[in-house]
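The structure appears right after this line, and notes come after that.
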Amino acid sequence: MQKIPMTVSGEILLRAQLKHLMTVERPQNISDIEVARAHGDLSENAEYHAAKERQSMIDAQTREIKDKLSRAEVIDPTKLSGDKVMFGATVLLEDLENEEQVTYQIVGSEEADPKAGRISYTSPLARAIIGKREGDFVEFEAPGGMREYDIIKVEFK
């Protein structure tokens with residue numbers, strides 16, 4: 001069984017999604033099924049079939065989240081230190097092409113959101129910088145072509 005690395009905030013997010021499914025979505029869906037069932041003939045009741053389909057989707061999402069949580073390897077970045085880039089690190093990079101600086105935290109796939117500054121440890125950029133240190137230069141193939149960055153700062157927060 002393969003472990004799924006995630007930060008503490010990633011675990012909190014998954015637990016919140018699971019709670020929402022179990023306490024809001026599922027009870028509402030049960031109510032929707034009961035209402036649709038009261039309309040009579042189930043064989044031609046589109047409302048009933050849609051509610052049952054939604055029930056299947058909720059159950060699948062619930063199983064998926066429970067599976068991920070059972071395999072989670074939760075890593076607290078605040079307990080890490082050093083100047084080497086690793087999972088959980090927040091890294092300040094300088095794009096050598098346009099001299100713009102960007103900051104990314106390396107997180108699990110479930111919590112990645114590049115626009116919010118969180119990239120998956122499986123992304124091309126993260127794979128290129130993991131194991132490097134402050135002051136190192138990295139060059140990697142991004143979907144848009146070759147990119148070059150300097151690692152300015154590595155923090156754990």
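From the helices alone, meaning DSSP H stretches of at least four residues, give me the mean residue ellipticity at 222 nm for the chain, per-run term -39500 (n - 2.57), in deg cm²/dmol to the nearest 500.
Details: 4 runs with 56 residues, N = 157.
Result for the chain, helices only: -11500 deg cm²/dmol.
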Checklist outcome for this item: Rounded to the nearest 10, the angle in degrees between the Cα long axis of helix 46-70 and the longest principal axis of the Cα atoms of the chain comes to 40
Next on the checklist: Rounded to whole Å, give me the distance from the Cα center of region 108-146 to that of region 1-64.
Outcome noted: 34
Item to check | Label-point separation, ILE130 to VAL24 (7 Å along Cα→Cβ), nm | outcome: 3.3
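Please work out how many pairs of lysine residues in the chain are eight or more positions apart (or on different chains) and have Cα atoms closer than 13 angstrom. Mind showing how you got there, number by number?
Values: LYS3/LYS68; LYS19/LYS66; LYS79/LYS157; LYS84/LYS132; LYS84/LYS153; LYS132/LYS153.
Total qualifying Lys-Lys pairs in the chain comes to 6.
Return a whole-number percent for the relative contact order of the chain, with Cα pairs under 8 Å and 6 or more residues apart as the contact set.
In percent, rounded to a whole number, it is 25.
Mind pulling up the Rg/Rh value for region 1-154? Radius of gyration and Kirkwood radius, both on Cα.
On the way: Rg = 21.8 Å, Rh = 18.3 Å.
In region 1-154, Rg relative to Rh is 1.19.
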Next on the checklist: Shape verdict for region 77-155, please, from the Cα gyration tensor: rounded (a/c under 1.5), prolate (a/b greater than b/c) or oblate.
Outcome noted: oblate
Checklist outcome for this item: Tilt, helix 8-20 to longest principal axis of the chain (alpha-carbon atoms), in degrees rounded to tens, equals 10
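Quick note: the coordinates plus some simple rules give every number you see, no bench work behind them. What you are looking at is a predicted structure, and each value in this text was computed from that prediction instead of being measured. Here Cβ is always computed from backbone atoms with ideal geometry, including for glycine, and neighbour counts include all displayed protein chains.
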